[in-house]
1. May I ask you to list the residues in the range 765-786 that are part of a helix (DSSP H, G or I), within 23 Å of His660 (Cβ to Cβ) and aliphatic (A, V, I, L, M)?
2. Inspect all residues belonging to the range 313-323 and state whether any of them is in a loop (DSSP other than H, G, I, E, B) and surrounded by fewer than 22 Cβ atoms within 10 Å (Cβ to Cβ).
3. Of all residues in the range 268-295, count the ones that are part of a loop (DSSP other than H, G, I, E, B) and either without any contact (Cβ under 8 Å) to a residue 12 or more places away in the chain or buried (at least 21 other Cβ atoms within 10 Å of the Cβ) (or both).
4. Can you pull out every residue in the range 730-746 that is open to solvent by 10 Å² or more (accessible area, probe 1.4 Å) and modelled with pLDDT of 85 or more?
5. Do we find a residue being within 24 Å of the chain's Cα centre (by Cα), among the small types (Gly, Ala, Ser) and either modelled with pLDDT of 50 or more or crowded, with 16+ Cβ neighbours inside 10 Å (or both) anywhere in the range 643-652?
6. I'd like the residue in the range 778-797 that is open to solvent by less than 40 Å² (accessible area, probe 1.4 Å) and farther than 19 Å from Val830 by Cβ and, out of all such residues, is nearest to the chain's Cα centre (by Cα).
7. Are any residues in the range 743-786 touching a Phe, Trp or Tyr at 6+ places or on another chain (Cβ under 7 Å) and either touching a residue at least 60 places away in the same chain (Cβ under 8 Å) or within 25 Å of Ser665 (Cβ to Cβ) (or both), and if so, which ones?
8. May I ask you to list pairs of residues, at least six apart or on different chains, whose Cβ atoms are under 8 Å apart, with the first in the range 400-419 being at positive phi and modelled with pLDDT under 95 and the second being surrounded by 18 or more Cβ atoms within 10 Å (Cβ to Cβ) and of a type in the set (Phe, Trp, Tyr)?
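The values are calculated or read from the model by the stated rules, or taken from the named source; none is laboratory data. Values in this document were obtained by computation on a predicted structure and should not be read as measured data. Positions of Cβ are backbone-derived with ideal geometry, glycine not excepted, and every protein chain shown enters the neighbour counts. Surface areas here come from the heavy atoms of the whole protein model, side chains and all, with no ligands, DNA or RNA. Shrake-Rupley method; radii C 1.70, N 1.55, O 1.52, S 1.80 Å.
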Amino acid sequence: MAMAVAQHRESSSGSNINKHLDNGKYVRYTAEQVEALERVYAECPKPSSLRRQQLIRECPILSNIEPKQIKVWFQNRRCRDKQKTEASRLQTVNRKLNAMNKLLMEENDRLQKQVSQLVNENGYMKQQLHTVNASTNDASCDSVVTTPPHSLKDANNPAGLLSIAEGTLKEFLSKATGTAVDWVQMPGMKPGPDSVGIFAISQSCSGVAARACGLVSLEPTKIAEILKDRPSWFRDCRNLEVFTMFRAGNGGTIELIYTQMFAPTTLAPARDFWTLRYTTTLENGSLVVCERSLSGSGAGPNAAAAAQFVRAEMLPSGYLIRSCEGGGSIVHIVDHLNLEAWSVPEVLRPLYESSKVVAQKMTIAALHYIRQIAQETSGEVVYGPGRQPAVLRTFSQRLSRGFNDAINGFNDDGWSIMNCDGAEDVIIAINSNKSLNIPPNAVNALPLLGGVLCAKASMLIQNVSPAVLVRFLREHRSEWADFNVDAYSAVSLKAGSYAYPGMRPTRFTGSQIIMPLGHTIEHEELLEVVRLEGHSFAEDNAFLSRDIHLLQLCSGIDENAVGGCSELLFAPINEMFPDDAPLLPSGFRVIPLDTKSSDTQDSLATNRTLDLTSSLEPGPATNHIAVDAPSCPNIRSVLTIAFQFPFDSNLEDNVANMAHQYVRSVISSVQRIAIAISPSGLIPAVGPKQSPSSPEALTLAHWICRSYSYHLGAELLRPEPAVGDSLLKNLWQHQDAILCCSLKSLPVMIFANQAGLDMLETTLMALQDITLDKIFDETGRKTLCSDFAKLMQEGLAYLPAGICMSTMGRHVSYEQAVAWKVLEADESTVHCLAFSFVNWSFV
């Protein structure tokens, strides 16, 4: 065996590099050989690389070493790398465990202080109760200390501001590490080695408060810089403007800040804050950023813009950041707010009176964001090729901000109300100054000749999990979306390409391809590109692809997530997907409310999808299918829908009508989906009764099927045992559009299955406003009139292929229609007429 031996001194760090064990014997290499092997290994660490073999052959100094020995050297080298990596990982885990242990010890000390305080208060109260001569109005027994509000008079001079700042610092620290607030652990959040941190919410205090503390692998100054830039991580923050700033005498800084917050729905005004923010360093080296409101409702840089906001109060809040041994920081976050819940409808007040909501939207979001930045900085998060984390994060923020802009419609952004449908609360707003949410200095900016139109609405949905609903909307877009409307929005983003949706009908193939771009470390948000495949109906363009690409942001689809809401936001994009692509977001936001108790009124509303305005006023109860529903909590959520459309000034009215009808159609589809996926799995009935003699939906379904068999001699549905409401479900899910109309001088629709509602593009509630003559074109009406006498005499009529009209004005073709009389149980009384449209489709 050839062996190269060199006599040289080995350092302690190099003894394991120049000496390797081979078959129980140590093999020594020269320093030059080790250097050459290291170069080869650095360039080709993989053992099966052909490049490595080539480099070894090209290196003369390695020619006198057997290949087996070289192989052993590389194996040992890889083992040492793995050992170093594992040792480094264990050291990191150990540092985190030590920091978490320190954090838990501090939390335990705080809880012990809180217990001692409660014991003392309890003993004091017992003493007062047993003291006969004690005064009942003794102010010393008050356990709540209320600090007087700080007026603008105190803020007119630096000394007054410094006094307010020092008081804010003291109160904040008593909340962050003391017992000023009775904190309780947030449900579902347990501390541990793999947890994000420790989260708590207030149990009984003025306003709503939340607290978080955790370990973050960033320096304190970097964390403070990120958290002070609230719009970058808090999606509900519209604007933060530093009104003035000056240095405090102790080396800190004092800032007067005006902040505007978006409203999450269309049903309540937005909030704003006028606050003092104090940044300083404590004697132990900890960095503190604390903030509180200053009194004065008219304060702020723009009084006119503040007219659309309700002034809320921020009680002493902020961030306590302390560096850890071995790197990283321990962060304490406190958010304490009074959101003035009196100014919102009663059904929405849980959103403004819940400490849990504040924790989800602000406190936990802040800690998650800085942990996300820390992992991106360290390289722990790996994204797809070609996109940097900051770019993807910017896209997510632009989608969210664009959607919030559309929902709120602030006047200073150029929005104005064009129309408000009081019956359904569909609001049409127009913006002639809209810039398509394009970043500054964008190369791909597109001129808009008219502007942007937004149709939006909010409603209450019940008995459906927000995560389940949004997940279904994401995975089954064809159940609620109109491909032609998506195509219009996509085409309109191309310069000079405005067209009305009905001009270029396109068929959606049903194929939806979702391509992920990235996600947050907690998988709370997913950023993805969706490709919708479509083809033209025109024969000359039959093979021309009309695919649509959407940039989509999905959040809150995990039922175990701690997010405050579930969202599905999307915007059409160019297939090239530039970083400065113009975005016009639309979508859905579902915010859970409180779980109500099962009282009499709630039981009447169980398993229904309601319009929010109808829930604010008492009304007559409606009848529904009587089936035994499983016991489940009455989950209530607020669903907010907003769709934006660019338009040319010449097509403003057309686009407004289209947008209004489209949002009504989407509302109908979402209501249907919410009922279908609810835990009870109920199928909607015919809606409110038309008269006391109207049958229940299940009875009507029996009459329809039995009459069909009586007149045609065939079964409408597949023969199977009718158990419970299975016959109604089968009729509801039948592929043909089945409609029923009354026998009046002007027949109106009283029932339709799912296919019938889809064909007419309407809802069960709006169905009763549709007359029979409106669904046929002129030829169809003439055919029906000529066959009507035969229908009434023989009970059956076949209508040839023809064209129907949907409520949105679209043409619907069908191969054949069958009409028959629906007989009641006595088989002599005609209850209504039924129509079955076979193989229908939009044209």
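1. Met765, Ala766, Leu767, Ile775
2. No, because not a single residue in the range 313-323 is in a loop (DSSP other than H, G, I, E, B) and surrounded by fewer than 22 Cβ atoms within 10 Å (Cβ to Cβ).
3. Final tally of qualifying residues: 3.
4. Asn730, Trp732, Gln733, His734, Gln735, Asp736, Ser742
5. Scanning the range 643-652 turns up no residue that is within 24 Å of the chain's Cα centre (by Cα), among the small types (Gly, Ala, Ser) and either modelled with pLDDT of 50 or more or crowded, with 16+ Cβ neighbours inside 10 Å (or both).
6. The extreme case among them is Gly780.
7. Hits for the range 743-786 are Asn753, Gln754, Met759.
8. Correct list of pairs: Gly409/Trp415.
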